[in-house]
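Trainee: Provided herewith is a single structure, encoded as structure tokens, for subsequent inquiry.
The values are calculated or read from the model by the stated rules, or taken from the named source; none is laboratory data. Owing to the predicted nature of the structure, the values given are computational and were not obtained by experimental measurement. As a convention, Cβ positions derive from the backbone with ideal geometry for all residues, glycine included, and neighbour counts pool all protein chains shown.
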Amino acid sequence: MRQSCSFIRLLQRYGALGGSVTVQHGALLPEQRRPQQCACATGAMKVKVISILEDNYMYLVIDEQSKEAIAVDPAVPHRLLEIVKREGLSLKAVLTTHHHWDHARGNEALLKEVPGLRVYGGDDRIGGLTDKVSNAQELKFNSINVRCLFTPCHTSGHMCYFVWEDECTDAPAVFTGDTLFVGGCGRFFEGTAEQMYHNLTQVLGSLPQDTKVFCGHEYTIKNLKFAMLVEPENEKVKEMLSWARARDDDDKPTVPSTLMEEFEYNPFLRLSEEGVQKFTGKTDPIEVLRVLRREKDKFKKPKERVPPHAMLALEWGLLRP
């Protein structure tokens, strides 16, 4: 089964198959692959990580006592509803980080299927939006609390969501969409380096250091390869890259990380470090960030040895040499 999964990923990566595929008893079916899932428990609060599309994540935040759930960026609604039904959950709300289709396209379908559902977000361009939220606004769903954090830059209306549980000493969580990734940050599509600097250092950087980071995409390996270019002597980057590769080999997600960990290996949070400043040729942190993002936009991860599965695809005529 592991070989089948690896082979399918290679076909997707090298363009032999359009879109995703489902692995079912070793067969290839031309439809969306069934999402990988894992759960991270925090007291009565559990976060279910669901891999969708090519490299996206959507999430379910579950109150284990009430069996009520909140979805974050549910871009594949039928998959989400399958899980909700299977686990006996009641879906109460959707938190949308931004309006891009791979984060928000499921909202309208969910509104049709789930009576009374509320869709929260910070941008009028979000499909199905029922409740527009503002910075520092707090929402409550039984024992689960949500604080909305305005983080404009990737998009002008981007929101992150800081989530914690009543009377629980376990680590809180933050859903960062396309603002902060494991080992990286989002592109500045509708904003500036000044805005992203504020997002990373003042908004997210001020959260508790043990906060678990759940981001919008699985970009970790590419991000860490860039981090290695920036700080080739950083042992934390080397350790994390090795770990991320092992997770990828096992078809497991690399989320969540923690903010504390991100400050150890994520160059976009290490703007005052000597090695990062040397790489950029700048010392002002905003200029360091600006150069880092520009270089990351141009970065192509080094080619690795073509695995046996890709060679097999070549032999089958599915790939061009």
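Trainee: Considering only segment 261-272, state which residues are closer than 24 Å to ILE50 by Cβ and part of a loop (DSSP other than H, G, I, E, B).
Mentor: Within segment 261-272, just ASN266 meets the criteria.
Trainee: Any residue at all in segment 100-120 that is among the aliphatic types (A, V, I, L, M), within 30 Å of MET196 (Cα to Cα) and part of a loop (DSSP other than H, G, I, E, B)? Walk me through it before giving the result.
Mentor: So the first thing to find is which residues in segment 100-120 are among the aliphatic types (A, V, I, L, M), and the list is 104, 109-111, 114, 117, 119.
If we keep only those that are within 30 Å of MET196 (Cα to Cα) as well, we get 104, 119.
Remaining after also requiring part of a loop (DSSP other than H, G, I, E, B): none.
Within segment 100-120, not a single residue is among the aliphatic types (A, V, I, L, M), within 30 Å of MET196 (Cα to Cα) and part of a loop (DSSP other than H, G, I, E, B).
Trainee: Where in segment 144-260 are there strands (runs of 3 or more DSSP E), lying wholly inside it, with at least 1 residues that are under 22 Å from ARG294 (Cβ atoms)? Step through it out loud before you land on a result.
Mentor: Values: elements: 144-150, 159-165, 173-177, 212-215.
The strands (runs of 3 or more DSSP E) meeting that bar are 173-177, 212-215.
Trainee: Continuing with the same structure: Does ALA171 meet the test of being modelled with pLDDT under 95 and assigned by TED's automatic domain parsing to the domain that holds GLU54? First the steps, then the outcome.
Mentor: Values: modelled with pLDDT under 95: yes; assigned by TED's automatic domain parsing to the domain that holds GLU54: yes.
Answer is yes for this residue.
Trainee: Every residue in segment 63-76 that is part of a strand (DSSP E or B) and surrounded by 21 or more Cβ atoms within 10 Å (Cβ to Cβ), please. Break it down stepwise before answering.
Mentor: Narrowing segment 63-76 to residues part of a strand (DSSP E or B): 63, 68-72.
Within segment 63-76, ASP63, ALA69, ILE70, ALA71, VAL72 meet the criteria.
Trainee: For segment 77-89, does any single residue satisfy the condition of being touching a Phe, Trp or Tyr at 6+ places or on another chain (Cβ under 7 Å), closer than 30 Å to ASP170 by Cα and either at pLDDT 95 or above or in a strand (DSSP E or B) (or both)? Full working, then the answer.
Mentor: First, pick out the residues of segment 77-89 that are touching a Phe, Trp or Tyr at 6+ places or on another chain (Cβ under 7 Å): none.
No: segment 77-89 contains no residue that is touching a Phe, Trp or Tyr at 6+ places or on another chain (Cβ under 7 Å), closer than 30 Å to ASP170 by Cα and either at pLDDT 95 or above or in a strand (DSSP E or B) (or both).
Trainee: Let me ask you something else. I'm trying to understand the selection: among the residues of segment 187-206, which are over 19 Å from LEU95 (Cα atoms) and touching a strand residue (DSSP E or B) at 6+ places or on another chain (Cβ under 7 Å)?
Mentor: So in segment 187-206, the residues over 19 Å from LEU95 (Cα atoms) come out as 187-198, 200-202, 205-206.
Matches in segment 187-206: MET196, LEU200.
Trainee: Something else: Taking PHE188, is it farther than 15 Å from LYS296 by Cβ and in contact with a Cys (Cβ under 8 Å, 6 or more places away or on another chain)? Reasoning before the result, please.
Mentor: Working: farther than 15 Å from LYS296 by Cβ: no; in contact with a Cys (Cβ under 8 Å, 6 or more places away or on another chain): yes.
When the stated conditions are applied, PHE188 does not pass them.
Trainee: Starting from residues that are hydroxyl-bearing (Ser, Thr, Tyr), over 17 Å from the mean Cα position of the chain (by Cα) and crowded, with 17+ Cβ neighbours inside 10 Å, keep the ones in segment 116-174 and report whichever is farthest from THR97 (Cα to Cα).
Mentor: Residues of segment 116-174 hydroxyl-bearing (Ser, Thr, Tyr): 120, 130, 134, 143, 151, 155-156, 161, 169.
Next, from what is left, pick out any that are over 17 Å from the mean Cα position of the chain (by Cα): 120, 130, 134, 143, 156, 169.
Next cut, crowded, with 17+ Cβ neighbours inside 10 Å only: 120, 143.
On the way: TYR120: 9, SER143: 22 Å.
Per the criteria, the residue is SER143.
Trainee: Against the conditions (1) under 15 Å from VAL49 (Cα atoms); (2) touching a residue at least 12 places away in the same chain (Cβ under 8 Å), where does GLU82 fall short? Just the number, please.
Mentor: Single failed check for GLU82: (2).
Trainee: Which one of these does LEU60 not meet: (1) in a strand (DSSP E or B); (2) surrounded by fewer than 21 Cβ atoms within 10 Å (Cβ to Cβ)?
Mentor: All conditions are met except number (2).
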